[in-house]
Every structure is written in C-alpha cells, then in structure tokens.
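Heads up: the structure comes next, in structure tokens.
The values are calculated or read from the model by the stated rules, or taken from the named source; none is laboratory data. Just so you know, these numbers come straight off a predicted model, no measurement behind them. Here the Cβ positions follow ideal geometry from the backbone for every residue, glycine too, while neighbour counts run over all protein chains shown. Calculation scope for accessible area: heavy atoms of the full protein, side chains included, ligands and nucleic acids excluded. Shrake-Rupley method; radii C 1.70, N 1.55, O 1.52, S 1.80 Å.
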Amino acid sequence: MSDIPLDAVPAASAPPARKRARLPGMVIFAIAWLLLMLLTALAADLVSPYSYTALDLQNRLTPPIGMGGEWVDPLGTDELGRDVLSRLIASIRMSLLIAFGATVISAVLGVSLGFLAAHFRGVVEQAVLALVDFQASMPFLILALAVLAFFGNSLPLFICLLGLHGWERYARIARGLAVSAGSQGYAAAVKGLGASPWRVYGRHVLPNIASTLIVSMTLSFPEIILLESGLSFLGLGVQPPMTSLGNMVGYGREYLTRAPWILLAPSSVIVLTTLCVSLLGDWLRDRLDPTLR
Amino acid sequence: MLRFLGIRLARALLTMVLVVTFAFVVLRLSGDPALLIMSADAPPEAVAAFRESWGLNDPIWQQYLRYFAAIFRGDLGQSMRDGRPAIELVAERVPATLALTIPALLIKIGLGVPAGVYAALHRNSFADRAVMLLAVAGFTVPSFVLGLVLVLVFAVTLGWLPSGGQESWRHAVLPVITLGIGGAAVLARFTRSAMLEVLGQPYMRTALAKGVPWHVAVRRHALPNAAIPTVTIIGFMVGSLLAGAVVVESVFSWPGVGRLLVVAVANRDLAVVQCILLLVAATMVTANLVVDLLYGALDPRLRAAPRGATA
C-alpha cells in the first residue's frame, strides 16, 4: 500500500489547500496544554512546592481544595502524607521523558531499517519485512511483559523496551517512501552527481518524507504514554521511589474509596495529554499529509 | 487460490518460528538459567549437575533444536512457584478470560461498526461529530482509568455493582463494559475512515450515475469494499481474545490469563510467561490466517496477485 508514489494520489481526494487559515479552538487548547506539560517537565524542580518523596505522616490523606482541603497541599496528600501536586509534577517529568525517549528510539530504528530495506532490497528487505510482520502481529504489551519478566526492570531498559513499540510503522513508511523517492528524479539526480548513500538518504530523502514521519510520531506518542502508564499501573514499569503517572494511579487505587484524588489527578493528566497530542496529530495530518487518513 | 493459501500458511508458520526463537533468545540472554532457577548460594556441584541434566553444556544450536522439540511435544516446563506444568495453570485460566473478552468483542462489533458506518454516511453531521469525539475519547482514556472511574461511580458511589472478584455474572458487567467501550471506539473510528475512503471511489460515482439508488449503492458497493480493512482490525481483536484483558483483569481482580501473566512476570516465573507468550502468539497467528482466508473470499483481486496485499 505504501508503495504508491505520492503523485499517483488522485488530485480529487486532496483537500483544498489553505482553506482555513486560523487555528481551530481545540488545537489552540491542545497546544497550550502540551506547552504547559512541557514547561512543567522542564522546570519540575523549580515549580514543585515540596520534594516528591518528602513524607509528612501528620498530614496523611488530606483532601485537595474543593473537597475541603487547604492551600498548603493544593491537590491533597497521599497515604504517606506526600504532596500530590509535587508527585504529579515529578510524574509528568518522568512520563514525558520516557515517552519522548521511546518515540525517538522507535522513529530512528524504524526509519533506519526502512531505508536499509529500500537501499539493499533482496534478502535484507525480506528480512525487514518479516520482522515487521512479526511485530505487527503480536500484541506489544505481551512482548513487553515477557521481556520484563526475563530481564527484570531498570529505567534505561524500560525506555529502550518501549522504544521497540511502533518501529514497524516507521519502517513501512520509510521503506515505501524511499522506494518511491528512488524512482523520482531528485534521488537519482543526486546519486548521479556522486553523492554517497548517507547523503542521499540523510539530506534528500529524509527531509522529503519528514512530514509523514512527524505525523506518525504524533500518533505513536500517546500510545507510548498509555503503554508506559499501563505497565507502571500494573507495578511492572517505573519502580518506586521513582514515580510516573501510571505508577501514581496504581498506588492510588488502594485508596479509591477514601482518597480518590490521589488517582484522579494523574488520571486526568494522562487523558488530557494523550487527547491533546491526538488532536494535534489529527490536525497536523490534515494539514501536512493528504495521503494518510 | 492454492498458491495464495500456501503463502499465507508459510507466513503463519514463519511468525510462530520467530516467536519461539524470540522466547529462546530472550531466555538465554537474560542470564544463566541454572543460576536463575537455583538460588544464588546453591553449591557449585548442584549447579553443575543441573546444567548437565538440562543439557546446558551442549552447543547452543542443539539446545535450540531441543527447545523446539519440547514445544512440539507440548512440554512447556513447570511453574517455578508450585511445580505444576505451566500449560495446566494457563489452561485453567482461559475460560475466565474468555468470559470477559467474548462478550466485550460482541459489544465492540455491535456498537463500533454501525456507529462508524453511520458517521461516514452522515459526514460532518452532528451525529458524526459526536461519534468521532467519543471515538477519540475512547482511544485516549486508558482502560485502567475508565475501569476505576466506573468502579468509583457504579460500585463505590451508587453501590449497584461489585467492584471486583468473580462470584457471579454481576461481577463481569463492569470489566466487560470497560473492555467493550474502548474497543468500540477504535473500531468506530476505523470503520468510519474505511467507509469514507470507499464512498469517494470512482465506482461509487459510476453506480450513482447509472441511476442506482443511494441505499442500494451503499449496500452493494460501499459496504463490501469497506469490510476488507474492517475485517483486519476485527481479526486483530479476535486474536487478542486471550491477551487483551491484562490490565482490565488486574483492575477488577478477575482471575484470568492476564492476571496470571502479571503475577508470573512479577515473580519471574519464566515457564508460565513463556507458555502464555506462545499461546497468545498461536491465537494471534491463527486469527490472522483466518482473516487472510476471509480476504480471499471478500476480495477476488488478492487471489490473483497475493504479493500486492503484503507490501
């Protein structure tokens, strides 16, 4: 399917370009929320009112503002008296770090394999395609759990493991687009001028397929956040004393009836963040890439 | 047609071989199995005897072949916790998982496909917007959040349904709804875009230009063509009947395969993990094979040019 050259797409299906110049309200909201998350993650140590591990056993399970709490702990405290807002900020940093790391790893891995397949064809291509089929046909959560069972858990391993999620999509796209680029004039022209394969793929093919790849990244970023939070929720992802959004929900579950705020705060952040990235991705896809739907 | 079948079967087998290899490689990479299974302070003679009896001193390719042979005999090792065969432990959990995932699958198909078709046929209407909004929400709300919110509302606040356990059918209601809603959203979104794609095709315009009524054109031309991509994703859902409820089973303390897997991973009970991995892979591969065969029935073009579908 991805072998179809870009110019073979019938002109009728392309949306009229630049019909709406202004940003839709939802997209503005999405960008604002994501910027807020990004700033929170970058300035976590500055904006965090307390250390996220600081205990205060006198003030356990105090409710947040709006449920009878005070400004000392705006989002309440957890079962050990730790400030939920501070933990939330640390969790946002951890979850975003993992999701960014894993997205970049899977994009680099997938694009490299896709280019290798497109460049060498033959056996290499068949091997890559077999791996792609394998990856696409197995539920990733099960593979990830198997690896965690065999290797145990550490943060770098965990990020690399999540980086294996979704590489097959980039590989498919990169291979398909690189093959069709090879048959278009510009790649052949640079090659004819004596450019090395590195230069052809890095400087000429990659920028031409970048918009499609960026759209795929916005699709897989929320999936990785969901995967990370799911594994951490099960107690198999980020390990204490480190904290992540899923981790907070998992531990907060014990106090669902007495202190629902412990899990509601990180849950809302997960939902809003994945929602905003998806909205932004859909919008970018409509703008940048009429070939995907 | 025979050639098409042959290629599909070969690919299914190749995937299974890859999964078994993956399990073997990961098992070997993760450290010396002798040290993993025996405690760290076991006497060296005991470790040596263990290595000898399990053939760990043989060349790696012999171990690999023996691993394959054992799996073909159905010998998947013993659980390290209670010494029972791993396959038995897993098999007795399967009915509980299916009791959640099969009703959930029916909800997904029963809600998702009609909603997607309706949204596509009434593009940009209020109903379309509502369906798409729900679909995006269903995709972005993780199952554990949805499950816990349902527990908070229906079990804690209203007290209508139990929050966890497996005593009666009432215990299954919340987990089935949690699983069903998320999947229905994915399916609705997918069906809608498949339908939109088909509705824009020249053959639809041709049919309408010939004077075929709209509803006949939709039924005879659009639906069968849109069914092809939709069947793929339903096939994936059928394939994950065993593995699709890992998180939800944990939320509702439902004693199914997923719960067993999480506990086995936490305890590093490798035989059980490996057994579930292979079983899930077998289910998935079988479902994909059936989908491929259905393609052959749904889409005559694929029978003529099988490679075109895989690229």
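Taking Lys and Arg as +1 and Asp and Glu as -1, the other residues whose beta-carbon sits under 15 Å from that of B:V216 total +4. Spin-label model, B:E88/A:S154: points 7 Å from Cα along the beta carbon direction are separated by 3.8 nm.
Over the stretch A:95-293, the Kirkwood radius and the radius of gyration, each from Cα atoms, give a ratio Rg/Rh of 1.06.
Based on DSSP H segments of at least four residues, each scored -39500 (n - 2.57), chain A has a per-residue ellipticity at 222 nm of -21000 deg cm²/dmol.
The B:A69 and A:A130 beta-carbon pair, evaluated with R₀ = 35 Å, returns a calculated FRET efficiency of approximately 0.90. Across A:V200, A:V123, A:V277, mean-square fluctuation computed from a Gaussian network of chain A (C-alpha pairs under 10 Å connected) peaks at A:V123. Interface of B with A. Using a 1.4 Å probe and counting protein heavy atoms only, the two chains hide about 4100 Å² of accessible surface, both sides summed. A cut-off under 15 angstrom between Cβ atoms defines the neighbours of B:Y118, and their net charge, with Lys, Arg +1 and Asp, Glu -1, is +4. Taking B:E167, B:E92, B:E197 as the candidate residues, the one with maximal mean-square fluctuation in a Gaussian network model of chain B, Cα springs under 10 Å, is B:E167.
Modelled this way, with points 7 Å down the Cα-to-C-beta line, the labels at A:A210 and B:E197 are 2.8 nm from one another. The accessible-area loss of the stretch B:229-255 on complex formation, taken against its chain alone with a 1.4 Å probe, reaches 20 Å² or more at B:F236, B:A243, B:V246, B:V247, B:S250, B:V251. Looking at chain B, the accessible area is 49 square angstrom per residue; that uses a 1.4 Å probe and ignores ligands, DNA and RNA. Hey, how much of the P(r) for the stretch B:201-311 falls beyond 25 Å, as a percent of Cα pairs? That tail contains 47 percent of the Cα-Cα pairs. Summing charges over neighbours of B:V186, with a neighbour being any other residue whose Cβ is under 12 Å away from its Cβ, gives +2 when K and R count +1 and D and E count -1. Counting only Cα atoms, the size of the stretch B:54-124 along its three principal axes is 67, 29, 19 Å, in decreasing order. When chain A is described by a simple charge dipole with +1 on each Lys and Arg Cβ and -1 on each Asp and Glu Cβ, the residue from A:Q239, A:F158, A:A136 located farthest towards its positive end is A:A136.
Between B:K210 and B:N267, the distance separating the two model label sites (each 7 Å from Cα on the Cα→Cβ line) works out to 6.4 nm.
Cα-based values for the protein assembly as shown, radius of gyration first and Dmax second, are 25.7, 86 Å. In a fully extended conformation the segment linking B:L14 and B:F126 would gain 35.6 nm over its present Cα-Cα distance, using 0.36 nm per residue.
Based on DSSP H segments of at least four residues, each scored -39500 (n - 2.57), chain B has a per-residue ellipticity at 222 nm of -23500 deg cm²/dmol. Using all pairs of distinct alpha-carbon atoms, the Kirkwood hydrodynamic radius of the stretch A:45-163 works out to 17.8 angstrom.
Put simply, the amide H of B:A243, placed in the peptide plane, has no neighbours under 5 Å, leaving out anything fewer than 5 places away on its chain. Taking amide H as placed 1.01 Å from N in the peptide plane, B:Q78 has its amide H under 5 Å from the amide H of B:A86, each at least 5 places away in sequence or on another chain.
State which helices in chain B qualify, where a helix is a whole DSSP H run, it must extend 20 Å or more along its own axis by its Cα atoms, and its mean Kyte-Doolittle hydropathy must be at least -0.5. Helices passing the filter in chain B: B:2-29, B:94-121, B:126-140, B:170-199, B:223-239, B:270-298. Using a 1.4 Å probe over the heavy atoms of the protein chains, calculate the carbon and sulfur portion of the accessible area of the stretch A:95-293 as a whole percent. Roughly 68 percent, rounded to a whole number. A viscosity of 1.567 mPa s and a temperature of 4 °C, combined with the Kirkwood radius over Cα pairs in Stokes-Einstein, give a translational diffusion coefficient for chain B of 57 µm²/s.
Computed over chain B with a Gaussian network model linking Cα atoms closer than 10 Å, the most mobile of B:V25, B:V290, B:V198 is B:V25. Measuring r between the beta carbons of A:L61 and B:S253 and using R0 = 35 Å, the FRET efficiency lands at 0.95. When each full DSSP H helix of chain A is screened for a Cα extent of at least 15 Å along its own axis and an average Kyte-Doolittle hydropathy of at least 1.6, the helices passing are A:25-42, A:84-120, A:140-151.
Expressed as a whole percent, the proportion of Cα-Cα pairs in the stretch B:218-270 lying more than 19 Å apart is 50%. For the stretch A:235-287 versus the stretch A:148-212, the inter-centroid distance based on Cα atoms is 30 Å. The residues of the stretch A:95-293 expose, per residue, 38 Å² of accessible area to a 1.4 Å probe.
Placing R0 at 60 angstrom, the Cβ-Cβ distance between B:R219 and B:V156 gives a FRET efficiency of 0.85 after rounding to 0.05.
The stretch B:209-275 and the stretch B:152-208 have Cα centres spaced 11 Å apart.
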